[in-house]
Each structure stands twice: as structure tokens, then as C-alpha cells.
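Every number in this text was worked out from the coordinates using simple rules, so none of it is lab data. Every value quoted in this text rests on a predicted model; they were computed, and no experiment measured them. Using ideal geometry, Cβ is built from the backbone for each residue, glycine included, and neighbour counts are taken over all protein chains shown.
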Amino acid sequence: MAMKKIVPFLFVVVIFTACKGKKNIPDVSGVNISMKVERFDQDFFSIDTNQLDNSMNELSRKYPFFLNTFLQNIVGITDRSAINTYYRLYKPIYDSSHRIYANFDPVKKQVEEAFRYVKHYFPSYKTPSMILPVLGPMNSREDFARMASGDYTPDFIGPDFLGISLQFYLGQDFSLYHDQYFVNNVAPLYRSRRFSKEYIISDIIRLVVDDLFPDKSNSRPLVEQMIEKGKQWWLLDKFLPEVPDSIKTGYKQQQLEWASANEGLIWSYILKNEDLYSNNPATVQNYIGEAPFTQNFDQDLSPGNLGQWIGWQIVKAFAEKNSSLKPEEVMQATPKRILDEAKYKPK
């Protein structure tokens, strides 16, 4: 009986080790990263609204670097009298958030591990020393931050801190995410499906990738956008090597499996039916950016943003053929060089 238990365990260990080895995951255990968590969300929703001036002065003393930014730039409050209204409207949402995030240690641990990889590859990158959970508004798409690529993100990087907007990580079944106003004006269901705790780490590290190598390819031809945005996922994968691809891409697992199984057919279709150097907005939009599926492919199984996934595969092929290149050199390579040298021919 003992042997029957041991053998499957060893098999799993061998498979896991082989997978790690195949991905060439570096040992970052010696990289020292220590980040402090300051619970702005808890402190804000602990204020005494009957003694608002005293409470806000206390908050200002604890968060002199952030309170005004939160009130004016995130919430849009310039008059302290409006704080009571905001508190009253969002206290129930904070209560829901607190049930999920009373203990923030698991998130902190995951963020610190990701930054060990960031510092391993880019030692000079200035790592934020603080994680700042907040609970901000959720009224429109403007409540998200914008990255250089034009993509929306719930989170933000400030001077020496990471801001995490917990109102967008309450779980895909959170009732407000299904309210018709929210669906129409804030985030459609295919987007809010990812408003869960496990996506925090990917959203944060996407910001770091954007900070290191801003994607400014929006006005460029289709294939260049595919490759430039593919680079973003390639570097994200370097920083999050053990996080599932479904989290990094935002695809459902069955969508990932469909894309992998049909990689050759997808690329063949694009080559035969699209102009790779098209700037046509409709063509680009079909392959780049958020969408429930990609037109001309299986509507039940194909993901949106399929162009970025193909771009990622092209960049991976290029990096494998140029294994001596550092991540910085891969990210700085031109789309033309990547496409020419990748010799991408999926089956």
C-alpha cells in the first residue's frame, strides 16, 4: 500500500519539476523583497462621520502622500461635505470587500514573489515598498486607470506604492457586477468575470510591464500591434512563471485549450484572409483588445484579443531561437526582426 501512495506522488513531482525546468524558471529565493501593507481601505471606512474633521485629519497624518489624491483624483471629491455621502454609499461594498480581504497576507506574499522575478531580470527597477488597498468608485469606465496601450486596469502605481482597487475584485458573482447599469457603463460580463482575487497579481504586474516597456503600438499595423502586445504577455510570463496562463491572458481555460489546439489554423486564416499590415480599425479591433470572442472563429470557444495571443506565440518562437538575448533585448527588438527570425509556422 505504501508503494502505491509513493509512486503517484513521485510521478507528480517529476512532472512538476520537468515543467519548471522546461520553462527555465530562475531561482529567485535570494532576492530580498519586503513590502508593507497599509490598509487605507480599512482606515477610511473606520472614520467617525460625526467627527469628520478629526477623522480626516488623522487620515491625513497617516497618509499625507495619498489622501488628497484619493479624494480628488480617484473619488472626485473636492468638498469634505461630500465625504459622508461617499462613505454611506460605499460602506456596504467595503463590508463585502472586508469579508474577502480581512487577511491580506496571501496577496502580499504573491506580490512579493512576483517582484523577486522583476528584480531578477531588471535589478535597477525601483520596487514599491508599500501595498495600498483602497476601495474607490465604480460608476463608469473612467474609474479604471489607463495604461500606455490604452487598456484599462483597476490598479495604479504611485510614488513608492502599489494601489489595489478592491471594488473590482469582489468575485464574479458579486451582485452589483450583474446590474444592468454596471454592465452597460462600467464593465460587461466577459470583463467582470475576471473581477476576482486571483487576478490581482496579473493586473499589478501588467502595470509593471507597462512601466518598463510602454506599449505605444496603437496606431501601427495589425501584425506590429500583435507582436508588440505579444511582447507584453511574454514579459508578464517571465515575471509570473508559475501563474496559470488563464490568469495572465484573461482567457477561460477552454478558450486557451481551443487556441492551442487550433494555433496553426488561426495563423493560416489570418495570413489568407487579412492584410497583416492593415491599419483598418475594424480589422485591428477584431484581433486586438477586449471582446467576448473573435469574429470568424468559434463564438463559444474562441477568446477575444486573439491577435495578442498569436503575437505572444511569435515572440516566444523568436526568443527560443535567440536564447542568448536578455529580456530587455527581446522587448526592444523590432516587430519586423521578431517576425522574420521567429519563422513562425505553427501546426
Among Asp43, Asp237, Asp179: highest mean-square fluctuation, GNM of the chain, C-alpha pairs under 10 Å:
Asp179
For segment 104-114, what does the Karplus curve 6.51 cos²θ - 1.76 cosθ + 1.60, with θ = phi - 60°, yield as ³J(HN,Hα) per residue in whole Hz, taken in order and with x for Gly and Pro?
9, 4, x, 5, 4, 4, 5, 5, 4, 5, 4
Alpha-carbon centroid distance for the pair segment 91-148 / segment 276-299, whole angstrom
30 Å
On a 0 to 90 degree scale, rounded to 10, what angle separates helix 83-101 from the longest Cα axis of the chain?
50 degrees
Length-normalised contact order for segment 36-212 - Cα pairs under 8 Å, 6+ apart - percent
22 percent
Residue by residue, what Karplus-based ³J(HN,Hα) values in Hz, rounded to whole numbers, does segment 335-347 have, using 6.51, -1.76 and 1.60 with θ = phi - 60° and x for Gly and Pro?
x, 4, 4, 4, 5, 5, 7, 5, 6, 6, 9, x, 8
Determine the distance separating the Cα centre of segment 18-88 from the Cα centre of segment 194-241; give it in Å without decimals.
24 Å
Normalised by the residues of the chain, what does the relative contact order come to in percent, with Cα pairs under 8 Å and at least six apart?
14 percent
May I ask you to derive the relative contact order of segment 108-245, considering only C-alpha pairs under 8 Å and at least 6 residues apart, and to give it as an integer percent?
25 percent
Tilt relative to the chain, helix 52-62 - C-alpha long axis, 0 to 90 degrees, to 10:
50 degrees
Whole-number value, in Å³ per residue, for the convex hull of the alpha carbons of segment 36-212 is 118 Å³
For labels at Asn218 and Ser60 in the simple 7 Å Cα→Cβ model, what's the distance in nm?
3.6 nm
Please give, to one decimal in nm, the separation of the simple spin-label points placed at Leu176 and Ala148, each 7 Å out from Cα toward the Cβ.
3.3 nm
If amide hydrogens are placed 1.01 Å from N in the peptide plane, which non-local residues have theirs closer than 5 Å to the one on Ala145?
Thr153, Asp155
By the Cα gyration tensor axes a ≥ b ≥ c (a/c under 1.5 gives rounded; else a/b larger than b/c gives prolate, otherwise oblate), the shape of segment 222-342 is oblate
Set the bar at 32 Å for Cα to Cα. Now go through Lys272/Lys326; Lys91/Lys126; Lys231/Lys347; Lys108/Lys345 and name every pair that lies beyond it.
Lys272/Lys326; Lys91/Lys126; Lys108/Lys345
0 to 90° range, to nearest 10: angle between helix 200-212 axis and the chain longest Cα axis
70 degrees
When the helix-only estimate is applied to the chain (DSSP H runs of n ≥ 4, each -39,500 (n - 2.57), divided by the residue count), what is the mean residue ellipticity at 222 nm, nearest 500 deg cm²/dmol?
-15500 deg cm²/dmol
Can you compute the FRET efficiency between Leu301 and Asp27 using 1/(1 + (r/R0)^6), with r the Cβ-Cβ distance and R0 = 51 Å? Round to the nearest 0.05.
0.85
Please list the non-local residues whose amide H lies under 5 Å from the amide H of Ile131, H modeled 1.01 Å from N, same-chain partners needing a gap of 5 or more.
Lys36, Val37, Glu38, Leu162
Burial ranking of peptide ranges 200-206, 68-74 (average Cβ count within 10 Å, highest at the top):
200-206, 68-74
